[in-house]
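Novice: Quick one: this structure, given as structure tokens, is what I'll be asking you about.
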Amino acid sequence: QQQVKQSPQSLIVQKGGISIINCAYENTAFDYFPWYQQFPGKGPALLIAIRPDVSEKKEGRFTISFNKSAKQFSLHIMDSQPGDSATYFCAFRSGNTPLVFGKGTRLSVIA
Amino acid sequence: EAGVAQSPRYKIIEKRQSVAFWCNPISGHATLYWYQQILGQGPKLLIQFQNNGVVDDSQLPKDRFSAERLKGVDSTLKIQPAKLEDSAVYLCASINTGTSGEQYFGPGTRLTVT
């Protein structure tokens, strides 16, 4: 059951550049849209999250842009750093149901 | 605030053997999840507990997987007998549904079945 489509699968960005990861969803009942960051050997950690009543949320170098009509949202990492190299997962939830995760994007930031 | 604890961190077993994983969620978190994360994929839900009751186990392969949360705190996930395709990271997560709804993950247990 493919409820979430995340792209790209992998991404290489130069240090200082902008990393952009996209997710598309099908279920219009989703009302919570987090992005998780996972380093090797660690569990996923919440990076930033948005609810559908806003179109954009910014926390430091990380921004979520949300397009409710297109059922898409994206993560932008400004001034990407080597320490941002990790796997990023978008996720969705409706009410108190469990999170549904995308397949992940492996980001590599090179100097 | 202490995070979600899991043990062991790594386990290697032969196929057809049994294995158990343990999780201690964040104190006060009523909801606990077990996820399976196969290499290169996102976490996939296995089972959800609310206190000591099962809310959703539709994705749990019940012929070989079992889980319990007897006192509404710690939880164990068991596989018996293990298959090669069970090789994955098993993640435990908890959430306090009364607050922001942020879900916290443990570090996971990496299982290798040979």
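Novice: Would you mind checking region B:12-54 for residues with the amide N under 11 Å from a putative spin-label position 7 Å along Cα→C-beta of residue B:112?
Specialist: What the label zone holds, given the 11 Å backbone N cut-off, is B:12-13.
Novice: Between residue A:65 and residue A:22, what length comes free when the chain is fully extended (0.36 nm per residue of separation minus the Cα-Cα distance, one decimal in nm)?
Specialist: Between residue A:65 and residue A:22, full extension yields an extra 14.5 nm.
Novice: Pick out which of A:51, A:61, A:93 has the largest mean-square fluctuation in a Gaussian network model of chain A, springs linking Cα atoms closer than 10 Å.
Specialist: In the Gaussian network model the winner is A:61.
Novice: Under 20 Å from a label point 7 Å along Cα→Cβ of residue A:106: give me every residue in region A:3-31 with its amide N that close.
Specialist: A:5-15, A:19-23
Novice: Using a 10 Å cut-off around each Cβ of peptide A:94-100, what is the average number of partner chain Cβ atoms that fall inside?
Specialist: 6
Novice: May I pose another question? How high is the relative contact order of chain B? Use alpha-carbon pairs under 8 Å, at least six apart in sequence, and give a whole percent.
Specialist: Relative contact order of chain B: 37 percent.
Novice: Hey, in the GNM for chain A with a 10 angstrom Cα cutoff, which one of A:85, A:69, A:19 fluctuates hardest?
Specialist: The residue with the greatest mean-square fluctuation here is A:69.
Novice: Under 27 Å from the Cα of residue A:57, which lysines turn up, not counting those fewer than eight places away in the same chain?
Specialist: Partners within reach: A:5, A:15, A:42, A:68, A:71, A:103, B:44.
Novice: Given the convex hull over the Cα atoms of chain B, what projected area results after averaging over all orientations, in nm²?
Specialist: 6.8
Novice: Probe radius 1.4 Å, ligands and nucleic acids ignored: give me the carbon and sulfur share of the accessible area of region A:4-110 as a rounded percent.
Specialist: That fraction is 50 percent.
Novice: In whole percent, and with a 1.4 Å probe on the protein chains, what portion of the accessible area of region B:14-94 is carbon and sulfur?
Specialist: Answer for region B:14-94: carbon and sulfur cover 48 percent of the accessible area.
Novice: Ok, one more. Determine the gain in length on full extension of the stretch residue B:5-residue B:102; use 0.36 nm per residue of separation and subtract their C-alpha separation, reporting nm with one decimal.
Specialist: Length gained, residue B:5 through residue B:102: 33.3 nm.
Novice: Now for a separate question. Specify the residue with the greatest mean-square fluctuation among A:84, A:53, A:31, computed from a Gaussian network of chain A linking alpha-carbon atoms under 10 Å apart.
Specialist: A:53
Novice: Same structure, new question: Between region B:25-40 and region A:63-111, what is the separation of their alpha carbon centroids in Å?
Specialist: For region B:25-40 versus region A:63-111, the Cα centre distance is 19 Å.
The values are calculated or read from the model by the stated rules, or taken from the named source; none is laboratory data. Given the structure is predicted, the values throughout are model-derived calculations rather than measurements. Cβ: placed from backbone, ideal geometry, glycine included. Neighbour counts: every protein chain shown. Ligands, DNA and RNA are excluded from the accessible area calculation, which covers all protein heavy atoms including side chains. Shrake-Rupley method; radii C 1.70, N 1.55, O 1.52, S 1.80 Å.
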